[in-house]
1. Please determine whether any residue of region 153-168 is surrounded by 19 or more Cβ atoms within 10 Å (Cβ to Cβ), under 25 Å from residue 4 (Cα atoms) and at pLDDT 85 or above.
2. Please find, within region 80-97, the residue that is nearest to the chain's Cα centre (by Cα) out of those that are surrounded by fewer than 12 Cβ atoms within 10 Å (Cβ to Cβ) and farther than 23 Å from residue 14 by Cβ.
3. Determine if region 111-125 includes at least one residue that is under 21 Å from residue 13 (Cα atoms), open to solvent by less than 30 Å² (accessible area, probe 1.4 Å) and either part of a strand (DSSP E or B) or of a type in the set (Lys, Arg) (or both).
4. Quick one: how many residues across region 169-201 are modelled with pLDDT of 95 or more, under 27 Å from residue 55 (Cβ atoms) and among the charged types (D, E, K, R)?
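The values are calculated or read from the model by the stated rules, or taken from the named source; none is laboratory data. Here the structure is a predicted model, which is why all the values come from computation and not from measurement. In this analysis, Cβ positions are derived from the backbone assuming ideal geometry, glycine residues included, and neighbour counts consider all displayed protein chains. Ligands, DNA and RNA are excluded from the accessible area calculation, which covers all protein heavy atoms including side chains. Shrake-Rupley method; radii C 1.70, N 1.55, O 1.52, S 1.80 Å.
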Amino acid sequence: DNPPQASSGKDRRICIWKKSDHLSAEYNDSCEYQLTTAMDSAHKRIVWSVHFCPGKPNILVSGSRDGFVKLWRIVEGDDGSLDMLEMLKFEPLCKGNKKSEPVTAVSFADFISRSDDGIEYGLLSIGTECGRVEVWKVPISENDPNFDAKLVFSVPANECHFDSVKKIAWRPVGCNGDEVLSPTILTFATCGEDCGVRIFMLQVSRKV
């Protein structure tokens, strides 16, 4: 198994890397990655966070200081080369009095819901510079005719961080022997610049 890895930075560039299949004997035990594709100026400002969808490893999300969240599809060509296609772009709902609210953390849950017509949706959490946290449902199917993101849950301001959200992580579904049911309870944690950690639980259903 050789899943791609993503990186981002101040140059507004998103890079996709894959582990090299052509290492010499000297480096057999090392993890050498090669750049396979890159999207220059993926956002207008620094890209703070990127994350692959666990259930759809060809779907990548990015969050930026420009206030936007972008969804990307990683497409592999016949020659093994990779390309990035922008699928969706949206802003968090909570922006306060600002024109835009920088997105500082993004994270996909290990969870996919499906509509009756087979359209698949991922569950995405977003953290912002002002400390707010939101959960969105985003389309991850190629055949979704309405291709739009929908807000599922906005954490009340008094339960959020007082400063920038630095990281979000979801508890894997079905870990520790838990059964995966519908509806099910998902758990995610956030940490912030305020030195605080928050843990949230969310009830969701696998049917849209």
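1. yes
2. 96
3. No, region 111-125 contains no residue that is under 21 Å from residue 13 (Cα atoms), open to solvent by less than 30 Å² (accessible area, probe 1.4 Å) and either part of a strand (DSSP E or B) or of a type in the set (Lys, Arg) (or both).
4. Within region 169-201, residues that are modelled with pLDDT of 95 or more, under 27 Å from residue 55 (Cβ atoms) and among the charged types (D, E, K, R) number 1.
Residues checked against (1) without any contact (Cβ under 8 Å) to a residue 12 or more places away in the chain; (2) of a type in the set (A, V, I, L, M):
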residue	(1), (2)
78	yes, no
85	no, yes
104	no, no
107	no, no
119	no, yes
